[in-house]
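Derivation of every value follows stated rules applied to the coordinates shown; laboratory data play no part. It should be emphasised that the depicted structure is a prediction, and the values quoted were computed from it without experimental measurement. Backbone-built Cβ (ideal geometry, glycine too); neighbour counts: all protein chains shown.
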Amino acid sequence: MTGAVTVDLDRAVANYQRIVRLATVSRLDESEVDWAPFDEFHRLIPEAYPALTAALEAIPTSTHSLLYRWPGSRGDDSVVLMAHYDVVAVGGEWSSPPFAGTIDGEGENAVIRGRGVIDDKASLVGILESVEALVASGFTPVDDVYLAFSHNEEVLGDGTPGIVDILENRNVRPRLVLDEGGIVGESIFPGTSRPSVQIGVSEKGTSSVRIVCTAPGGHASVPPLQTSTARLARAIVAIDAAGETPFVSDVTRRLIADIGEGATGALADAAAALAGPEEDVVRHFSAVSPDARAMVHSSAVVTIIAAGHTVNAVPEEASATVNLRIAVGDTVEAAIDRLVAAIDDPGVRVEVIERGGPSPVSPSHGREWDGVVAAIAETYGDEVLVSPYINNGGTDSRNYTRISDTVYRFSPCHMTLGERGSIHAIDEHLRVSSFTDGCGFYTRFISTL
Ligand SMILES: [Zn+2]
């Protein structure tokens, strides 16, 4: 029997604070990274998690990322639990130092503040504490369980791709990969009638292109009739005017049907529209929230504009970077074709910088789905409605889609809208009870593996 295994919560919270105190800030330019806190985290694990360290095989990576294998009793199948231990840099004035792991308040009202308390150290420590407790209780999973902790997720770094390469070389084909994603708590869909949780089963693609306009330059006192800057401006206005392109996947239809039941306002209208033309579903669901609108569209937005170097010279080149977010059902090629058609100017060159399409859609039924849903129900109550959704943003887990058919994005973290809004912002904070509930989720879930 393993159902009774629980994490020692006082110990877990103390370790959570210790790990939050490590300023594991990742940076795009690795030469600017202070590696001491990363090394400190590597040293902390054997000391704070001795049972885990003894039972699990530490698989060397060529980076600061960590990979462990917990051998299963049968071991002919495997599951990967992901988290990242890097955090984004801090800015602004915090109420308490961002790497102090300060806890204010008592009991249910206790709140921990610090960079990374939510993203992603709540999951990271939840996994470590749960595995430690389960190993110490004598539990052995049936499947091999891999713990994969990236050191540079926040800068889209090489940590996770390197881990996936290692697993692929070992012919590991996980039956399930679980990464951060949907949360528990106040809904991002106003109008829902009951608490709801979304598990990410896919994510939109991210691609970037640069549009480049060239024209004769020269002295600004005798400007040419056609300038690169005016041409670029026309292209940008055309991209903006073309707007977003609707796509409603089967996953989003199920989500709308689930959360729309008993709902009010635009969400209820969206659910009622499911029986009719798609454009009505798109119109009503887009009115629910900006997140909802992004879920039913591919988008193109200009993020960087560059031209000119001095006040009195007409630039020969003007360029803009366009960030494309590509919905499930759409493709990179089609999105670029639409962009070219919208610009409708053969003199504007389009260069592809980054090409990423939507991730394959994992199944939202079957053993893996049921396992995660059951652990959610045991932790947060049966009344919580669990639905699949497509993440608007990108996660490291998309790298795993080449070795696994079932990749879920879910963070067992109960969050208020204020807590959710503090991610990557000033005063990132979380109720300590939300962290300890997350430990409960991982313990229950891992004990079924
Ligand atoms: Zn994260």
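Each Cα pair under 8 Å and six or more residues apart adds its separation to the average, and for the range 333-439 the resulting relative contact order is 22 percent.
The calculated FRET efficiency for the pair Ala89 and Ala54, based on their C-beta separation and a Förster distance of 35 Å, comes to about 0.50. Think of each Lys and Arg Cβ as +1 and each Asp and Glu Cβ as -1; about the Cα centre, that makes the dipole of the range 368-449 roughly 240 debye.
When each full DSSP H helix of the chain is screened for a Cα extent of at least 20 Å along its own axis and an average Kyte-Doolittle hydropathy of at least -1.0, the helices passing are 121-136, 228-242, 432-446. Using a simple spin-label model with pseudo-atoms 7 Å out from Cα toward Cβ, Ala220 and Ala306 lie 2.1 nm apart. Rounded if a/c is under 1.5, else prolate if a/b is larger than b/c, else oblate: which is the range 1-86, with a ≥ b ≥ c the root eigenvalues of its Cα gyration tensor? Since a/c reaches 1.5 but b/c is at least a/b, the shape of the range 1-86 is classed as oblate. Considering only Ile112, Val142, Ile19, and ranking their Cα positions along the charge dipole of the chain that arises from unit charges at the beta-carbon of Lys, Arg, Asp and Glu, the one farthest toward the positive end is Val142. Diffusion coefficient (Stokes-Einstein, Kirkwood radius over C-alpha pairs, 4 °C, 1.567 mPa s) for the range 321-381: 86 µm²/s, rounded to a whole number.
Here the contact order of the range 250-312, divided by its residue count and restricted to Cα pairs under 8 Å and six or more residues apart, works out to 22 percent.
The range 353-421 and the range 92-165 have Cα centres separated by 17 Å.
Once the Cα-Cα distance is subtracted from the 0.36 nm per residue extended length, the Ala257 to Ser31 segment shows a gain of 76.5 nm. Answer rounded, prolate or oblate for the range 358-449, using the Cα gyration tensor with square roots of eigenvalues a ≥ b ≥ c: rounded when a/c is under 1.5, else prolate when a/b is larger than b/c, else oblate. Verdict is oblate for the range 358-449. Ellipsoid semi-axes for the range 408-448, based on the Cα gyration tensor and the rule √(5λ), read 23, 11, 7 Å when sorted largest first. Label zone (Asp77, point 7 Å along Cα-to-C-beta; backbone nitrogen cut-off 15 Å) within the range 169-201: 173-178. With the radius of gyration and the Kirkwood radius both derived from the Cα set of the chain, what is their ratio Rg to Rh? In the chain, Rg relative to Rh is 1.01. For the range 209-354, the ratio of Cα radius of gyration to the globular rule of thumb 2.2 N^0.38 Å stands at 1.37. For the chain, set up a Gaussian network in which alpha carbons nearer than 10 Å are linked by springs, and say which option among Ser359, Ser78, Ser289 fluctuates the most. Of the options given, Ser289 has the highest mean-square fluctuation. With R₀ fixed at 60 Å, the C-beta to C-beta distance from Arg18 to Arg349 puts the FRET efficiency at about 0.70. Each peptide in 384-393, 28-37 receives the mean, over its residues, of other Cβ atoms within 10 Å, and ordering these scores from highest gives 384-393, 28-37. Among rounded, prolate and oblate, which fits the range 96-177 when a ≥ b ≥ c are the square roots of the eigenvalues of its C-alpha gyration tensor, a/c under 1.5 means rounded, and a/b larger than b/c means prolate? In terms of gyration-tensor shape, oblate. A simple count of charges around Gly243, restricted to other residues whose Cβ falls under 12 Å of its Cβ and scoring Lys, Arg +1 and Asp, Glu -1, yields 0.
Seen from a random direction on average, the alpha-carbon convex hull of the range 1-50 projects onto 4.9 square nanometres. Between Arg367 and Ala241, the distance separating the two model label sites (each 7 Å from Cα on the Cα→Cβ line) works out to 5.6 nm. A Cβ-based charge dipole, computed about the Cα centre of the range 144-195 with Lys and Arg at +1 and Asp and Glu at -1, lands at about 340 debye.
The relative contact order of the chain comes to 25 percent, based on Cα pairs under 8 Å that sit 6 or more residues apart. Under a model in which nothing but the beta-carbon of Lys, Arg (+1) and Asp, Glu (-1) is charged, the range 90-212 shows a dipole of about 380 debye around its Cα centre.
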